[in-house]
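So the structure is just underneath, and the comments pick up after that.
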Amino acid sequence: MDPPPPRRRHSPEFDSLLLAGPRLGPLKQAHARLIVAGHSGSLPLVTKLATLAVAAGAAHYAHLLAASHPACDSFLLSSLARAAAHRGLPSASIAFYRRLLAAALPFSSFAFTAVAKACADLSALRTGMAVHAHSVLLGFGSDRFVQTALVVLYSKCGQLPVARKLFDAIRDRSVVAWNAMISGYEQNGLAERAIEVYREMQVAQVVPDSATFVTTLSACAQAGALDLGREVERRIVSDQMDVSVFLGSALVNMYARCGLVSKARDWFDRLQERNVVTWTSMIAGYGMHGHGREAIKLFQLMRCKGPTPNDVTFVAVLAACAHAGLVNEGSDAFDSMKRVYGLVPRAEHYCSMVDMYGRAGLLDNAMQFISDSIPEEPGPEVWTAMLGACKMHKNFNLGVEVAERLIALEPENPSHRVLLSNIYALSGKMNHVEKVRNVMIKRRLKKQIGYSLIELGGTSHLFRMGEKSHQQTREIYHYLEELIHRISDAGYVPETDSVLHELEEEEREVALRYHSEKLAVAYGLMMSSGSIAPIRVIKNLRICGDCHLAIKFMSSVENREIIVRDKHRFHHFKDGKCSCLEYW
C-alpha cells in the first residue's frame, strides 16, 4: 500500500499571517516580516494579508496594500470587495469595486455579488442599478448568485416589482434566493405576499433552512398568521433543528404578536441564548397585552442578568407602562435611559412618555413634559398622542389647540381633521364639525379605511365596514343581526358618538352595526359554533368604542374568548370584560 502523500506545508510567512488573524497589530508585524524576508511582492501573501486587514476593520490599510503592489490583480480586489461587504464595510466594498473598474481588470461573479450586497446595505439604489447594468453588460445577468444578490438589493430599496421579476428569472433557485424574496416582502410590510412565497417554496419542494423560518415567522407575526406560525414551529421541532438566538427570538415575537403571550414566554424561557432582541420582543409582547407589571419585572431581570438594553428596549418598556398606567415606573425607566445607559431619547420615547401621562389623565404633566423635556419642536407623533389623550379625557379646549398644531404640521393628513371633528362633535359644536368636514371635502382628504382580518383554517378573510363581497355575506349579516339582538337584551346600548355626527341617530346605529370588527367576529363565531377556541381578529386601526363595548357583550353571551389586535395593543375579551380594563 502506497504511503499517503506528504501534507503541504505553508511557508513561515503564511503561517505568521494565519497566526495574526484579523487583528491589526499582529498583521502589521506579519507585514514587516514579509518585507524583511523579501516576500512583500508575493501576490498570494499580500492578498491574504489585505483580506485579513479588512476583516480587522482596517479597509484603508488594505487599500494601501493593494495600491502599492505592482501586480495587483482582479482576485485581490474582488477578495477585498467581498471581505468588506461581509465585514459590514459597504462603502469600502464599493470603493474596491470602483478600483477594479478603473484598473480595467476582469470581473467575477463574486465581485458583483459582493458589491450588490454592499449597495443593499446602504440602500444605494442608483449605484446598485449601475452595478446591475454592468453585470448584465459583462454577461453575469443570468448568474444565479448575482441575481440573488440583486433581489436583496432591490428589496431593501423598496423596489419589489423589480426584485420579483429578477427572482422569477432565476432558473435554479437556491434556498438563499427564496429567503431573499420572502424577506423582501416581509421587510416592506407585505407579510401576506411573504407567506405566499413561502407556500410557493413548499410546492417547489425546496428544503427550508433556519433563515427561511426566521423570515417566515416574522411575516406570521406581522400578519397575525397563527396557524402558519404553529406549522413552522412543528417543523422546527420535528426536524430537531438547532434553535439559534435568531430563530428563538422569531418564535417569541411571533407568539407574542399573535396573541399567545404565555407561549412566547415558554419559548423565551427555553432558549439557551438570548440577545437584546429576544428580551425586547418579550417585553414588548407583555406590553401589547396589557401586562405592564410583567414587562417591568422582565426589564428589571434584563438589567441584572441580560444584555444591555438598547433604545428599542426602552420604547417597549415605555409603551408597556403607557398601556398599564404605570406612570412612576415609566418615568424611572425614561430617567435611567439617559442617566444610566447614556442613550439619547428619540421621537418614539418622547411620544411614549406623552402617551403615558395622557392615558393616565395627567394632561398637565404631559404638556409640561413636552415643554421641558423635548429639546426641539415636537413632531406630529407627539401631538397625535396628546390629542388622543384629550379626546379620551374629554378636555375639548386643549384638544382643539393640539389639533390645530397638528394640522399646521401636517395639513394633508386626514386623521388629524377627523379627530378634531370628533372633538368638536363631542363638545356639541356642530357648526365647527361642518366646517372641518367641508375643508376635508374641498381638499379631497379621506379618512383611512378600516378593515379587520380573521384567519380560519389557514385562510384569511378580510372585512371592511358594510362588506358585502364575501361569499357568505347573507349568512354573516343574518347571524350578526341575531347577535346584536341578544347582546341588546343583555344590556348593550350602541355608543353612537363613535360614528360621523352628520348622521341621524338611527342611521348611526346602523353604521355602527356593520363595522369591520363586528363582521369579522360574527363570521368567526358563526363558522366555529360549538368550539371553545378563542376567536382571533386583527384590526388595522384603533378599535372604536362601540365595537369594544359590543364585543365585551358578545364574549359573555357566546361564552367565548375573543381576542382583537388593533393598531396599538391586544384586547382579550372574556366573560363580558376586556384585559385592557378600559385603559386603551
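The values are calculated or read from the model by the stated rules, or taken from the named source; none is laboratory data. All figures in this text were calculated on a predicted structure; none of them were measured in a lab. All Cβ positions, glycine included, derive from the backbone under ideal geometry; neighbour counts span all protein chains shown. Ligands, DNA and RNA are stripped out before the accessible areas are found, and what is left, the full protein with its side chains, is counted by its heavy atoms. Shrake-Rupley method; radii C 1.70, N 1.55, O 1.52, S 1.80 Å.
The condition of being within 19 Å of Leu581 (Cα to Cα) and touching a Gly at 6+ places or on another chain (Cβ under 7 Å) holds for Ala360. A count restricted to region 393-415 and to residues that are open to solvent by 50 Å² or more (accessible area, probe 1.4 Å) and among the small types (Gly, Ala, Ser) stands at 2. When the helices (runs of 4 or more DSSP H) confined to region 1-120 are screened for residues that are within 30 Å of Lys156 (Cα to Cα), those reaching at least 2 such residues are found at 43-55, 59-68, 74-87, 90-102. Report yes if Ala163 is free of Cβ contacts under 8 Å to residues at least 24 places away in the same chain and open to solvent by less than 30 Å² (accessible area, probe 1.4 Å), otherwise no. It is true that Ala163 is free of Cβ contacts under 8 Å to residues at least 24 places away in the same chain and open to solvent by less than 30 Å² (accessible area, probe 1.4 Å). Against the condition in contact with a Gly (Cβ under 9 Å, 6 or more places away or on another chain) and touching a residue at least 12 places away in the same chain (Cβ under 8 Å), how does Ala204 come out, does it pass? No: the conditions fail for Ala204.
Taking residues in region 328-339 that are under 16 Å from Arg293 (Cβ atoms), and partners anywhere that are basic (Lys, Arg), the pairs with Cβ atoms closer than 9 Å and at least 6 places apart or on different chains are Glu329/Arg293. Within region 514-539, the set of residues being assigned to a loop (DSSP other than H, G, I, E, B) and open to solvent by 30 Å² or more (accessible area, probe 1.4 Å) comprises Tyr514, Ser529, Gly530, Ser531, Ile532, Ala533, Pro534. Residues that are open to solvent by less than 40 Å² (accessible area, probe 1.4 Å) and more than 29 Å from the chain's Cα centre (by Cα) within region 115-142 comprise His134, Ser135, Gly141, listed in sequence order. Flag: Val277 matches the condition of being touching a Ser or Thr at 6+ places or on another chain (Cβ under 6 Å) and within 30 Å of Ser244 (Cβ to Cβ).
Is there a residue being assigned to a helix (DSSP H, G or I), free of Cβ contacts under 8 Å to residues at least 24 places away in the same chain, surrounded by fewer than 23 Cβ atoms within 10 Å (Cβ to Cβ) and not small (Gly, Ala, Ser) anywhere in region 169-188? Checked against the condition, which is being assigned to a helix (DSSP H, G or I), free of Cβ contacts under 8 Å to residues at least 24 places away in the same chain, surrounded by fewer than 23 Cβ atoms within 10 Å (Cβ to Cβ) and not small (Gly, Ala, Ser), region 169-188 yields no hits at all.
The residue of region 466-476 that is least open to solvent (accessible area, probe 1.4 Å), among those that are in a helix (DSSP H, G or I) and touching a residue at least 24 places away in the same chain (Cβ under 8 Å), is Ile476. Report whether or not His572 is assigned to a strand (DSSP E or B) and either crowded, with 22+ Cβ neighbours inside 10 Å or not small (Gly, Ala, Ser) (or both). When the stated conditions are applied, His572 passes them. Taken over region 416-465, the criterion of being surrounded by 15 or more Cβ atoms within 10 Å (Cβ to Cβ), part of a strand (DSSP E or B) and of a type in the set (A, V, I, L, M, F, W, C) is satisfied by Leu453, Ile454, Leu462, Phe463. Conditions first: (1) open to solvent by 40 Å² or more (accessible area, probe 1.4 Å); (2) touching a residue at least 40 places away in the same chain (Cβ under 8 Å). Gly290 passes all but one, so which condition is the exception? Here Gly290 clears every test but (1).
Can you pull out every residue in region 388-423 that is among the hydrophobic types (A, V, I, L, M, F, W, C) and either within 19 Å of Arg359 (Cβ to Cβ) or over 31 Å from the mean Cα position of the chain (by Cα) (or both)? Correct list: Ala389, Cys390, Met392, Phe396, Leu398, Val400, Val402, Ala403, Leu406, Leu419, Ile423. Restricting to region 468-504, and then to whatever is of a type in the set (S, T, N, Q) and within 18 Å of Ile543 (Cα to Cα), can you tell me which residue is modelled with the highest pLDDT? Only one residue fits best here, namely Thr496. So which residues in region 189-209 are open to solvent by 60 Å² or more (accessible area, probe 1.4 Å) and outside any helix (DSSP H, G or I), if there are any at all? If the condition is that a residue be open to solvent by 60 Å² or more (accessible area, probe 1.4 Å) and outside any helix (DSSP H, G or I), then Leu190, Gln205, Val207 are the ones that fit.
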